[in-house]
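A quick write-up on the structure given underneath.
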Amino acid sequence: MPISTVANPQHFTRNASAALKDPTLQRALQNVKPGFRRKRAAAVAKLPEFDQLRAAGRDLKNHVLEHLDFYLERFEAKVNEQGGQVHWARDAAEANQIVLEICRAVNARRVTKGKSMISEEIGLNDFLTSHGIQPIETDLGEYIIQLRRERPSHIIAPAIHLNREQVADAFHAHHGPYGFTERRTEPRALMDEARQVLRRQFLSADVGITGANFCIAETGTTVIVTNEGNGDLTQTLPRVHIALTSIEKVVPTLEDVSTFIRLLSRSATGQEISVYTTFSSGPRRANDLDGPEQFHVVLLDNGRSGMMGGEFQDMLRCIRCAACINHCPVYGAIGGHAYGWVYPGPMGAVLTPHLIGVEAAGHLPNASTFCGRCEEVCPVHIPLPKMMRHWREREFERHLSPAATRFGLGVWAFFAKRPKLYRIAANLGAWVLRRLSGRDGRIKNLALAKGWTVWRDLPAPQGRTFQQQWAARRRAQS
Amino acid sequence: MSEARKHILSNIRRGLQRGLLADLSRVELEARLTHPPRNIIPARAQLPHPEQVALFIRMAESALATLDRIASLAEAPAAVAAFLERERLPMEIVMAPDPELAALPWAAQTALHIECRAARDGDKTSVTPAFAGIAETGTLMMLSGPHHPTTLNFLPDTHIVALRADRIVGVYEEGWDLLRAQSSKMPRTVNYITGPSRSGDIEQTMQLGAHGPLRLHIVLADHE
Ligand code: SF4
């Protein structure tokens, strides 16, 4: 059954312990480490300039944020110049309404979709369906979970929680009308089946909706990055292309986007570059033989402008590579659904309270061992652990924490003010956690299943990160 | 929704604790857009041209593209026919209506059926030129236009790309420089293509040919 998609503290605890006891999910999560982590490390090792690129990426994003109004206006002017249209949306409701109106203007009945986390964020599929328009996800992973009526459990591998048998079941249940009556389980056969079924959808869609990883101010261009080519068929075949994106995705120039392209795929999948990187500028030109007649960009804010100038502004540098998720021991133990909303892992823990409110999601920053791996691998140096601590302090001050959390933090504060005791307790905690964790160093069972006991506030069993946190704490107190 | 626009922009400015950007910074930002500075350029592709070509080949093949090297573009039709035969593919291609491609000796390939147009569902093999090859990652850079319909890059099962070695550059930035030298405007679509389509969405095991081509074959000509 799909795990609850309503984010609140009770559900998180329940979801986390359910996830730990779910053998299918646990087997699927084993793929995260050899898959993403090893491939990223190998790709990074092959590019000596990677750390310089990270610093450049961070500085570029900071530059953009400092001049965000300027670059957004420039991007809009350039899109207009080429015959496209930019629509600004303050929140999810406005963004949904804009998309609906564009669809209605061309009497659209069927919409194909490339992968877009913004679409998940605004709940576009449900909205369109309720207005009589059929949205069809075309990224294979997104398609699978759409058939299963689930949310993505990962921002770049949405069906990572599933195995082939579950995919086979979903296809078998839905592909009969397309002539596929036999249940097939081979990944190759499943792939071919999806390819054929989705081909028909691409060819019959009225509108194609993609996301955009970047918006280039210099040229008024949106950029998508995919491996499947589904995004390209989505945006090339129908009469209308809508790129759904958010205000922090703007970058100044083609040179700057080149820097982010070098960072993105290596951090995400460990590829040198994804198979397809596509730059779209306006609608099809006179004499073009294909391409959409209309080009729309929806720029979503949804709480992001409120992060400007504050302690969370750095989060707006995020390029959604998922490296922090792939390296997070908590995500590795419980998967993405337990987080209860669209963005899981460390980036989600920081972002979600902004987007759906601290009341609903202020608990998420507790889902951390503060091991620091997320910050170490982030291609734009976002200080994720520090931000999670900010949220925790805020939530604590607001007394929104469940009693157990307040108790936990109280105990932590007691130790934190007594360095010697803290060290002993932390080392003891580390020792306990090490004993509880499997050979891969992940804390699977007791600590989580028992509802995040007091130990969850103590560092993961790695001495270094304890020292870091300790030093940070001391700085904060002095 | 101009109200939303105003609201978002003023929220941003409030966060930044300023009003409209001062004219001076505006001038600086404009200058940066008109003369975009390069950021970090990987050393791996800063090589003499023959070595850039070798790097392009290595990188494209490691992204699972296949590649045939021919002496001149005039040999491309024969190379295409030979590839189709070798792979036991039907002797029919949909070709980009590109003047340079059209000028090649296709007539000599009597067994080959050729149509020049955009792609349709059911097309097996497309043949297109590339605007440039980028050595750092073995990436093909394709521009859309009346002679270069984008669908040819995505709909057919097999995509064959004819590329001249002198169109290979080192890094992405050099590809953009080539484009800027040719036109002040972006085409509707620029595609970077690196290897054939793939997906790892079923149990994180890679399968080729997700929605785009199953095979990407490059015919690389040392000379015109
Ligand atoms: S926070 Fe950093 S590591 Fe995580 S998704 Fe964003 S850019 Fe990637």
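Test each condition in (1) surrounded by fewer than 24 Cβ atoms within 10 Å (Cβ to Cβ); (2) in contact with a helix residue (DSSP H, G or I) (Cβ under 7 Å, 6 or more places away or on another chain) for A:I334 and report the one that comes out false.
Against the list (1) surrounded by fewer than 24 Cβ atoms within 10 Å (Cβ to Cβ); (2) in contact with a helix residue (DSSP H, G or I) (Cβ under 7 Å, 6 or more places away or on another chain), A:I334 comes up short only on (1).
Taking the conditions exactly as written (at pLDDT 95 or above, farther than 12 Å from B:I160 by Cβ and either surrounded by 14 or more Cβ atoms within 10 Å (Cβ to Cβ) or small (G, A, S) (or both)), does B:A82 satisfy them or not?
Details: at pLDDT 95 or above: yes; farther than 12 Å from B:I160 by Cβ: no; either surrounded by 14 or more Cβ atoms within 10 Å (Cβ to Cβ) or small (G, A, S) (or both): yes.
No, not satisfied.
Go through B:L104, B:L64 for me and flag whichever is part of a loop (DSSP other than H, G, I, E, B) and in contact with a Gly (Cβ under 6 Å, 6 or more places away or on another chain).
Values: B:L104 fails: in contact with a Gly (Cβ under 6 Å, 6 or more places away or on another chain).
Only one candidate passes the filter, namely B:L64.
Taking B:P77, is it surrounded by 18 or more Cβ atoms within 10 Å (Cβ to Cβ) and in the same structural domain as B:G122 (by TED's automatic domain parsing)? Steps first, answer last, please.
On the way: surrounded by 18 or more Cβ atoms within 10 Å (Cβ to Cβ): yes; in the same structural domain as B:G122 (by TED's automatic domain parsing): yes.
For B:P77, the condition - surrounded by 18 or more Cβ atoms within 10 Å (Cβ to Cβ) and in the same structural domain as B:G122 (by TED's automatic domain parsing) - is met.
Within segment A:230-246, identify whether any single residue is within 16 Å of the ligand (Cβ to nearest atom) and either closer than 17 Å to A:L299 by Cβ or more than 7 Å from chain B (Cβ to nearest Cβ) (or both), and answer yes or no. Show your work before the answer.
Residues of segment A:230-246 within 16 Å of the ligand (Cβ to nearest atom): A:245-246.
Then drop every residue that is not either closer than 17 Å to A:L299 by Cβ or more than 7 Å from chain B (Cβ to nearest Cβ) (or both), which leaves A:245-246.
Within segment A:230-246 (the criterion being within 16 Å of the ligand (Cβ to nearest atom) and either closer than 17 Å to A:L299 by Cβ or more than 7 Å from chain B (Cβ to nearest Cβ) (or both)), the answer is yes, since at least one residue qualifies.
Pick out, from segment A:32-131, the helices (runs of 4 or more DSSP H) lying fully within it that include 2 or more residues that are in the same structural domain as A:E150 (by TED's automatic domain parsing). Walk me through how you get there before you give the answer.
On the way: elements: A:38-45, A:50-66, A:68-81, A:92-105, A:117-122, A:124-130.
In segment A:32-131, the matching helices (runs of 4 or more DSSP H) lie at A:50-66, A:68-81, A:92-105, A:117-122, A:124-130.
Go through (1) buried (at least 20 other Cβ atoms within 10 Å of the Cβ); (2) over 30 Å from A:F127 (Cα atoms); (3) aliphatic (A, V, I, L, M) one by one and return the number of the condition A:A55 breaks.
Looking at each condition in turn, A:A55 falls short on (1).
Residue by residue, here is whether (1) buried (at least 19 other Cβ atoms within 10 Å of the Cβ); (2) more than 7 Å from chain A (Cβ to nearest Cβ) holds:
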| site | (1), (2) |
| --- | --- |
| B:W176 | yes, no |
| B:R180 | no, yes |
| B:S184 | no, yes |
| B:I193 | yes, no |
| B:S199 | yes, no |
| B:A210 | yes, no |
| B:L214 | no, yes |
| B:I218 | yes, yes |
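Residues A:L316, A:L264: which one is within 14 Å of the ligand (Cβ to nearest atom), in a helix (DSSP H, G or I) and more than 19 Å from A:L355 (Cα to Cα)? Working first, answer last.
Details: A:L316 fails: more than 19 Å from A:L355 (Cα to Cα).
Of the residues listed, the single one that is within 14 Å of the ligand (Cβ to nearest atom), in a helix (DSSP H, G or I) and more than 19 Å from A:L355 (Cα to Cα) is A:L264.
Here are some residues: A:V298, A:V342. Which one is within 15 Å of the ligand (Cβ to nearest atom) and either of a type in the set (A, V, I, L, M) or surrounded by fewer than 21 Cβ atoms within 10 Å (Cβ to Cβ) (or both)? Break it down stepwise before answering.
Numbers: A:V298 fails: within 15 Å of the ligand (Cβ to nearest atom).
After applying the criteria, what remains is A:V342.
Report yes if some residue within segment A:330-337 is closer than 24 Å to A:A41 by Cα and near the ligand (Cβ under 10 Å from one of its atoms); otherwise report no.
Within segment A:330-337, the subset closer than 24 Å to A:A41 by Cα is A:330-336.
Among the residues that remain, those that are also near the ligand (Cβ under 10 Å from one of its atoms) are: none.
No, segment A:330-337 has no match at all.
Right, B:L163: in the same structural domain as B:E75 (by TED's automatic domain parsing) and part of a strand (DSSP E or B) or not? Working first, answer last.
Values: in the same structural domain as B:E75 (by TED's automatic domain parsing): yes; part of a strand (DSSP E or B): yes.
So B:L163 fits the description; yes.
Could you say whether any residue in segment A:126-143 is touching a Phe, Trp or Tyr at 6+ places or on another chain (Cβ under 6 Å) and crowded, with 21+ Cβ neighbours inside 10 Å? If you could, list the steps in order and put the result at the bottom.
Residues of segment A:126-143 touching a Phe, Trp or Tyr at 6+ places or on another chain (Cβ under 6 Å): A:137.
Checking which are crowded, with 21+ Cβ neighbours inside 10 Å leaves us with A:137.
Scanning segment A:126-143, I find at least one residue that is touching a Phe, Trp or Tyr at 6+ places or on another chain (Cβ under 6 Å) and crowded, with 21+ Cβ neighbours inside 10 Å, so the answer is yes.
Looking at (1) within 14 Å of the ligand (Cβ to nearest atom); (2) surrounded by 24 or more Cβ atoms within 10 Å (Cβ to Cβ), which is the only condition A:A361 fails?
(1)
Would it be correct to say that A:E375 is part of a helix (DSSP H, G or I), within 13 Å of the ligand (Cβ to nearest atom), over 23 Å from A:E150 (Cα atoms) and not assigned by TED's automatic domain parsing to the domain that holds A:L53? Before the answer, list the steps.
Values: part of a helix (DSSP H, G or I): yes; within 13 Å of the ligand (Cβ to nearest atom): yes; over 23 Å from A:E150 (Cα atoms): yes; not assigned by TED's automatic domain parsing to the domain that holds A:L53: yes.
Yes.
Please determine, by comparing only the residues of segment A:348-370 that are of a type in the set (S, T, Y) and over 16 Å from A:E311 (Cα atoms), which one is nearest to the chain's Cα centre (by Cα). Give the steps one after another, and end with the answer.
At the first step, the residues of segment A:348-370 found to be of a type in the set (S, T, Y) are A:352, A:368-369.
Imposing the further condition that a residue be over 16 Å from A:E311 (Cα atoms) reduces the set to A:368-369.
Working: A:S368: 17, A:T369: 20 Å.
Checked segment A:348-370; the qualifying residue nearest to the chain's Cα centre (by Cα) is A:S368.
The values are calculated or read from the model by the stated rules, or taken from the named source; none is laboratory data. None of these values were measured; they are calculated from a predicted model. Note: ideal-geometry Cβ built from the backbone for every residue, glycine included; neighbour counts use all protein chains shown.
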